[in-house]
């Protein structure tokens, strides 16, 4: 079984049918068929919720979040230990703090971290990162 971690940008690319959406769709299909395990850090999940709420309103936000929850995503909490490791990654790699949680997850699980955030290029030698195509 292959394990992936999706960040907010990957989920939003899928939702908005933007560049890389088909790749995320394939990962989610693998989840439904039992071939993939798919993780989402709670912080990234919150980013998706906030983005949907702001752009599409509370009803659509809730519908989309419910559909994702139903398919079997595993939500990984932002524990104090993870927060410290992410802070160290942020400091060492000079990457955004929330994104550092995804790198931390990829290092500690291990899994392939899927993102469309090219600010994470400095982390490419620390974890397996799949960068979705640029828009």
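The values are calculated or read from the model by the stated rules, or taken from the named source; none is laboratory data. What you see is a predicted model, and the numbers here were worked out from it, not measured in a lab. Here Cβ is always computed from backbone atoms with ideal geometry, including for glycine, and neighbour counts include all displayed protein chains.
I'd like to check something: does region 78-86 contain any residue that is assigned to a helix (DSSP H, G or I), within 21 Å of residue 26 (Cβ to Cβ) and in contact with a helix residue (DSSP H, G or I) (Cβ under 9 Å, 6 or more places away or on another chain)? No, that holds for no residue.
Being part of a helix (DSSP H, G or I), in contact (Cβ under 8 Å) with a residue 12 or more places away in the chain, under 15 Å from the mean Cα position of the chain (by Cα) and crowded, with 16+ Cβ neighbours inside 10 Å is a property that does not hold for residue 114.
One residue alone among 127, 106 is in a loop (DSSP other than H, G, I, E, B) and either under 13 Å from residue 4 (Cα atoms) or in contact with a strand residue (DSSP E or B) (Cβ under 6 Å, 6 or more places away or on another chain) (or both), and that residue is 127. Can you name the residue in region 22-44 that is free of Cβ contacts under 8 Å to residues at least 40 places away in the same chain, assigned to a helix (DSSP H, G or I) and in contact with a strand residue (DSSP E or B) (Cβ under 6 Å, 6 or more places away or on another chain) and, of all such residues, is nearest to residue 103 (Cα to Cα)? Within region 22-44, the match that is nearest to residue 103 (Cα to Cα) is 42. From the list 68, 101, the lone residue that is within 20 Å of residue 12 (Cα to Cα), at pLDDT below 95 and buried (at least 17 other Cβ atoms within 10 Å of the Cβ) is 68.
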